[in-house]
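To keep things clear, I will list the structure first and then write my remarks on it.
The values are calculated or read from the model by the stated rules, or taken from the named source; none is laboratory data. If you're wondering where the values come from, they're calculated on a predicted model, not measured in any experiment. Glycine gets a Cβ as well: all are built from the backbone with ideal geometry, and neighbour counts include every protein chain shown. Each accessible area value is taken on the protein alone, full model and side chains, heavy atoms only, with ligands, DNA and RNA left out. Shrake-Rupley method; radii C 1.70, N 1.55, O 1.52, S 1.80 Å.
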Amino acid sequence: MKKTFGMISLGCDKNRVDGERILGEIRRHGCEITDDIQKAQVLVVNTCAFLNASRKEAIEAVLEGNAYRSGALEKIVVTGCLPEKYIGELFPALTEGDVFLGVSDATALFPALERAYAGERVNAVHTGEEGCLRVVTTPPHIKYLKIADGCFNHCTYCLIPKIRGRYRSYPMEQLVEEARSLGETQELVIVAQDTTRYGEDGGENKFVELLQKISELDNICHIRLLYCYPEVVTDELIAEVKNNPKIIKYLDIPLQHSEDRVLKLMGRRGSRAEYLALLQKLRDEIPGIAVRTTFIAGFPTETEEEHEALKAFLREARFENCGFFAYSREPETPAYKLKGQVPARVKEKRVRALYRVQREISAACLQQFVGRTVNVVCDGIDYERSCFVGRAYFQAYEIDGCVCFTAPRAETGRTYSVFIDRADAYDLYGTVKENTL
């Protein structure tokens, strides 16, 4: 079966890695992969199902993809979280899909397609394995390593345990070999639903040990840590981030709220005081460390006073990067049944208010770099702004701001010294110093 495949991948970076494994399976079978959907004979739609909006987006992507059947398109494969969780309802309803796979079914792709080309609609969820070979879809100098799947935190608003199951750490030897197989990598981004609990499903936390083993690889230049849960940011981990020269001085620590009552309703283990103490410890131990986090606005029963308290928390904590989301009421979660659901217009209003506060904080954080020189990894060219774009250590790929800079030339993946002459609330702007060209 020598078909041309295209992919639409939705959702988070963990989902991206799952999609890269499917692309690896396609490549292993000697088939062509195209970025032009119009040329694809088989379209793979890698779906997200975390929120109702995500599920709607996924179904719309399948329906829009179906329009290409008037051209080259022959089959549509629906994979990822949506069929993993909802295959019972999805398979009979979404007739546009020819093959359905779950989140770990890469190796089932081609046997299922053989059946589909024989005239069958195929539900192949839970019939395969993840696959090893990956086709990296990020720029060559940035790669993701997913170290675990599933979650056992059981936050009351979250569907992930019902979609992906209990937390499962991947074998350490397998992860080290996968990191080695990725080749020369300027920045390896460590991801999982909760990276900091690596190994705990086997009885012992081995996250720091894993970081040390990956750091020994010559092909890995720098390591960035995402999705570090606050209660598992231990003294051992802080020391490793501080002393390991390969680990970028940046932590993504999702907090979700600041007020103790709301945190308890969310099923979160921390408190306002503990969060502030952790931030202080990180900044004392690792001067200059950048911390990113996320918050949910409008969780059921959240009062105006608690919303104002969250704004005050932002001003006190002063995060370098921060994201805000309106609470999404998801069936099958404990929070769905809570009384005191906040109206949508109020939730959106609170999100906007939180972003206004954070913009002031971010602008002040970035302003301190004006007149200084920072090291910037070039990610490519922004043709609309007619400049190169890259990131300093306090900016993660695709989720934080960037550094826009001018230079006679610049190579993707190379680090440049950029003199910063301007900042806004999100990005920095500057010029490459001649001696770094």
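Suppose all protein chains stay in the model; what accessible area per residue would a 1.4 Å probe give for the range 260-309, in Å²?
Values: 2160 Å² over 50 residues.
Accessible area per residue: 43 Å².
So how do C132, C221 rank on accessible area, 1.4 Å probe, biggest first, that is with the largest at the start?
Values: C132 120, C221 40 Å².
Ranked list, largest accessible area first: C132, C221.
Give me the percent of the accessible area of the range 271-383 that comes from carbon and sulfur atoms, probe 1.4 Å, all protein chains in place. The partial results should precede the final answer.
Numbers: 2920 of 5550 Å².
It is 53 percent, rounded to a whole number.
Ranked from the most accessible area to the least, with a 1.4 Å probe and all protein chains present, what is the order of D235, D201, D149, D35? Present the calculation step by step, with values, prior to reporting the outcome.
Details: D235 100, D201 70, D149 5, D35 155 Å².
The residues order as D35, D235, D201, D149, largest area first.
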Roughly how far apart, in whole Å, are the Cα centres of the range 173-215 and the range 336-350? 38 Å
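What is the Rg over Rh value, at two decimals, for the range 336-437, using alpha-carbon atoms and the Kirkwood definition of Rh? Intermediate results must be reported in sequence, preceding the final value.
Numbers: Rg = 17.8 Å, Rh = 15.2 Å.
For the range 336-437, the value is 1.17.
Using only the alpha carbons of the range 398-437, what is the convex hull's orientation-averaged projected area in square nanometres?
Values: hull surface 12.3 nm².
Reported value for the Cα convex hull: 3.1 nm².
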Out of P343, G298, I223 - ranked by how far each Cα lies towards the positive end of the dipole of the chain, with unit charges on the beta-carbon of charged residues - the top one is P343
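Order K311, K39, K433, most accessible first, counting only protein heavy atoms with a 1.4 angstrom probe. Numbers along the way, then the final one.
Working: K311 30, K39 130, K433 85 Å².
Putting K311, K39, K433 in descending order of accessible area: K39, K433, K311.
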Charge dipole of the range 18-88 built from unit charges on the beta carbon (Lys, Arg +1; Asp, Glu -1), centred at mean Cα; most positive-end Cα among Y86, I26, V45 is Y86
I'd like the carbon and sulfur percentage of the solvent accessible area for the range 197-247, probe radius 1.4 Å, heavy atoms only, ligands and nucleic acids excluded. 41 percent
Using a cut-off of 11 Å between beta-carbons, work out the net charge of the residues near D105 (Lys and Arg +1, Asp and Glu -1, D105 not included). -4
Cross-link partners of K75 among aspartates and glutamates (Cα-Cα below 16 Å; sequence separation of 8 or more within a chain): E32, D36, E64, E96, D98, E114, E120
Magnitude of the Cβ-charge dipole (Lys and Arg +1, Asp and Glu -1) of the chain about the Cα centre, nearest 20 debye, reported as 700 debye
I want the antiparallel fraction of DSSP beta bridges within the range 398-437, as a percent rounded to 5. 55 percent
For V189, enumerate residues with amide H under 5 Å from its amide H, sequence gap 5+ or separate chain, H modeled in the peptide plane. K143, Y144, L145, R224
Summing Lys, Arg as +1 and Asp, Glu as -1, what charge do residues with Cβ under 13 Å from the Cβ of Q193 carry, Q193 excluded? 0
Cα gyration tensor shape for the range 153-204, rounded if a/c is under 1.5, else prolate or oblate: prolate
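Regarding the chain, what's the average projected area of the Cα-atom convex hull, expressed in nm²? Show your work: numbers first, answer last.
Details: hull surface 86.8 nm².
Result: a mean projected hull area of 21.7 nm².
In the neighborhood of A273, defined by Cβ-to-Cβ distances under 12 Å, what is the net charge if each Lys or Arg adds +1 and each Asp or Glu adds -1? Kindly include the intermediate steps, with their values, before the conclusion.
On the way: positive: R272; negative: E259, D260, E274, E316.
Value of the local net charge: -3.
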Restricting things to Cα coordinates, could you compute the convex hull volume per residue of the range 297-367 in Å³? 81 Å³
Lysine pairs, Cα distance under 20 Å, 8 or more residues apart or cross-chain: how many in the range 230-386? 10
